[in-house]
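Working notes for the structure below.
The values are calculated or read from the model by the stated rules, or taken from the named source; none is laboratory data. Just so we're clear, the structure is a prediction, and the values are computed from it rather than from any experiment. Reconstructed Cβ throughout: ideal geometry from the backbone, glycine too, with neighbour counts over all protein chains shown. Just so you know, the surface numbers come from the protein's heavy atoms only, side chains and all, with ligands and any DNA or RNA stripped out. Shrake-Rupley method; radii C 1.70, N 1.55, O 1.52, S 1.80 Å.
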Amino acid sequence: WTAPTDTDLNGYNIYRDGAKINTQLINWTNYSDSIISGKTYTYNITALDRLRNESPFSAAVSITTLSTAPIITYPWSGATFTDSKIVVRGNTESGATVEVFVNRATQGTTLASAGGSFSLSGVSLSEGENKITAMATPSYGVICPESSTVTVFLDPRPQPPSGFKAVPSDTVITLSWSPNLDADIAGYRIYRDNRALNTNLLTSTEFTDTRLTNGKNYTYTVVAVDRRGSESEK
């Protein structure tokens, strides 16, 4: 601030929101105050002479400091998920209310712990690219800046094959099923008694299992596998 022209000036008092915050007279024309981020404060200054006469308040100056944006710590950019529901975790100011967005659509809110960590489960992803952001509102009500964007991808697991049939013969069982209609199917894998029978994926919809024991029960399942290696349910 600019000093008045009084010749008997002795110093200044600083008032924040109407309350004096300095314990000793200020003898210079600047002052540094430590405050909470994201809150609005109003300051006034008074001048005092050598007899401790105090001037009226100066014109008020109000300021709102920026809050710290929340940080998403999970998931990380570039991650690919096969399930459409995920959990989002991060850090922000203690006790803040955090709202999570996917592609600008809200996914709900959660409350940050005393340590500032937050977690929201059941966040919905759409197939393909998803941009996740978070915004926090501390207990004093000033909304924080938006977090950095985390970009993740949803590549859903393929649907399981349908029409699965088994035709037994002498030491042989022939398996067949309907083609999977997912566009990115790379092939199929056969399981007998929960053990995979083929190392390389099958591109046909038929498989013959040989050298079996007549009169013995066998349990078969088939899964579809996409180009990223994700298996369908059996």
Of the residues in region 135-166, those that are part of a strand (DSSP E or B), hydrophobic (A, V, I, L, M, F, W, C) and farther than 17 Å from LEU197 by Cα come to MET135, ALA136, VAL150, VAL152, PHE153, LEU154
Tabulated pairs, region 45-70, first over 16 Å from ALA19 (Cα atoms), second among the charged types (D, E, K, R) and outside any loop (DSSP other than H, G, I, E, B), C-beta under 7 angstrom, 6+ apart or interchain: LEU48/GLU54
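Anything in region 23-41 that is of a type outside the set (Asp, Glu) and within 44 Å of the chain's Cα centre (by Cα)? List them, or say none.
Here is the first cut: in region 23-41, the residues of a type outside the set (Asp, Glu) are 23-32, 34-41.
Those that are of a type outside the set (Asp, Glu) and within 44 Å of the chain's Cα centre (by Cα): ASN30, TYR31, SER32, SER34, ILE35, ILE36, SER37, GLY38, LYS39, THR40, TYR41.
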Taking the residues in region 109-158 that are surrounded by fewer than 14 Cβ atoms within 10 Å (Cβ to Cβ) and at positive phi as candidates, determine which candidate is farthest from the chain's Cα centre (by Cα). GLY141
Among the residues in region 81-101, are any aliphatic (A, V, I, L, M), closer than 21 Å to ARG157 by Cα and surrounded by 14 or more Cβ atoms within 10 Å (Cβ to Cβ)? yes
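Going through THR137, THR174, THR151 one at a time, which residue ends up being touching a strand residue (DSSP E or B) at 6+ places or on another chain (Cβ under 9 Å) and closer than 15 Å to VAL88 by Cα?
On the way: THR137 fails: closer than 15 Å to VAL88 by Cα; THR174 fails: closer than 15 Å to VAL88 by Cα.
Only one candidate qualifies: THR151.
Please find, among ALA105, ALA114, the residue that is without any contact (Cβ under 8 Å) to a residue 40 or more places away in the chain, of a type in the set (A, V, I, L, M) and under 30 Å from ILE35 (Cα atoms).
Details: ALA105 fails: under 30 Å from ILE35 (Cα atoms).
Exactly one residue qualifies, and that residue is ALA114.
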Restricting the search to region 40-61, which residues are modelled with pLDDT of 90 or more, open to solvent by less than 80 Å² (accessible area, probe 1.4 Å) and not hydrophobic (A, V, I, L, M, F, W, C)? TYR41, THR42, TYR43, ASN44, THR46, ASP49, SER55, SER58
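Mind listing whichever residues of region 205-234 are over 18 Å from ALA183 (Cβ atoms) and in a loop (DSSP other than H, G, I, E, B)? Talk me through it step by step, then tell me what you get.
From region 205-234, those over 18 Å from ALA183 (Cβ atoms) are 206-222, 233-234; that's our starting set.
THR210, ARG211, LEU212, THR213, ASN214, GLY215, LYS216, ASN217, TYR218, THR219, GLU233, LYS234, listed by residue number.
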